[in-house]
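Notes to accompany the following structure.
The values are calculated or read from the model by the stated rules, or taken from the named source; none is laboratory data. What you are looking at is a predicted structure, and each value in this text was computed from that prediction instead of being measured. Ideal geometry is used to build each Cβ from the backbone, glycine not excepted, and the neighbour counts take in all protein chains shown. The area values use the complete protein model at the heavy-atom level, side chains included, leaving out ligands, DNA and RNA. Shrake-Rupley method; radii C 1.70, N 1.55, O 1.52, S 1.80 Å.
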Amino acid sequence: MLMLTVVLAVVVGITLGLLGGGGSILMVPLLVYVAGMDTKEAIAASLVVVGVTSAVGVLGHARAGRVR
């Protein structure tokens, strides 16, 4: 089950990278139904995942000087 969760999380990460924001709507069902988390915990965790994904995405732009 852990491997399935990791694979699906990578798919969600790629989707976030291609489409931008809105990843919480993809992460919550993954965390609840596949990873077996409680709904409230999954919502909080999905916000952390989306925040980290956004922070990692901005690093490349910051290094290129496109962030003020």
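Is at least one residue of the range 40-50 hydrophobic (A, V, I, L, M, F, W, C) and modelled with pLDDT under 85? Yes, some residue in the range 40-50 is hydrophobic (A, V, I, L, M, F, W, C) and modelled with pLDDT under 85. Residues in the range 35-53 that are closer than 14 Å to Gly23 by Cα and either among the hydrophobic types (A, V, I, L, M, F, W, C) or open to solvent by 70 Å² or more (accessible area, probe 1.4 Å) (or both): 9 in all. Among the residues making up the range 21-33, those that are in contact with a helix residue (DSSP H, G or I) (Cβ under 7 Å, 6 or more places away or on another chain), open to solvent by 30 Å² or more (accessible area, probe 1.4 Å) and of a type in the set (A, V, I, L, M, F, W, C) are Leu26, Val28, Val32.
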